[in-house]
Amino acid sequence: MIALGCDHGGYELKLEVIKYLEQNNIPYKDFGCDSTDAVDYPVYAKKVANAVANKECEKGILICGTGIGISIAANKVKGIRCALCSDCFSAEATRQHNDANILAMGARVLGGGLAVKIVDTFLNTEFSNDERHIRRINLIED
Ligand code: RB5
């Protein structure tokens, strides 16, 4: 189950991500927001981050205007490794190296086509499980 969240700046791009998830039969839970009316991104960051941290959802996707605020807020939740990505290389590397459990994107930064490719890369790349990467992730949590 993928947890989805956005603010008003990310709402339209979230709809494109939902279309991709539905076309690929990937189950998701949408934690809002539900329109382009202005809201506060930390509210949605925390809903998604809590769902991933408590294992209700295995991964999350967060979208705001830049992706910055919503990723900063998500990373305040223990156990969350939220990576802001604007390219497929970073999306692949953050899964392989950081075992990132939430992808953040900026809707005012990315077009829908690239954003969906980034989502596809993020969801289809496994953590390397290399000892050095496990050690470094554990150092983040300390
Ligand atoms: C909202 O205007 C904007 O500040 C928000 O979407 C995000 O970019 C914050 O980091």
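The values are calculated or read from the model by the stated rules, or taken from the named source; none is laboratory data. No experiment lies behind these values; they were computed from the predicted model shown. Every residue, glycine among them, receives a Cβ derived from its backbone with ideal geometry; neighbour counts consider all protein chains shown.
A few remarks follow.
- From the list Gly65, Gly69, Gly32, the one residue that fits, being in contact with a Pro (Cβ under 9 Å, 6 or more places away or on another chain) and over 24 Å from Phe127 (Cβ atoms), is Gly69.
- Any hit, region 41-62, residues being closer than 21 Å to Asn129 by Cα and either of a type in the set (Gly, Ala, Ser) or modelled with pLDDT under 95 (or both): yes
- Filtered by the rule that a residue be away from the ligand (no atom under 12 Å from the Cβ) and touching a residue at least 40 places away in the same chain (Cβ under 8 Å), region 25-49 gives Ile26, Lys47, Val48, Ala49.
- Boolean, Val17 is away from the ligand (no atom under 14 Å from the Cβ) and either over 15 Å from Val116 (Cβ atoms) or surrounded by fewer than 22 Cβ atoms within 10 Å (Cβ to Cβ) (or both): no
- Pairing residues of region 87-113 that are within 16 Å of the ligand (Cβ to nearest atom) with residues that are of a type in the set (Gly, Ala, Ser) and assigned to a helix (DSSP H, G or I), at Cβ distances under 6 Å and at least 6 apart in sequence or on separate chains, gives Ile102/Ala74; Ala104/Ser71; Met105/Ala115; Ala107/Gly9; Ala107/Gly10.
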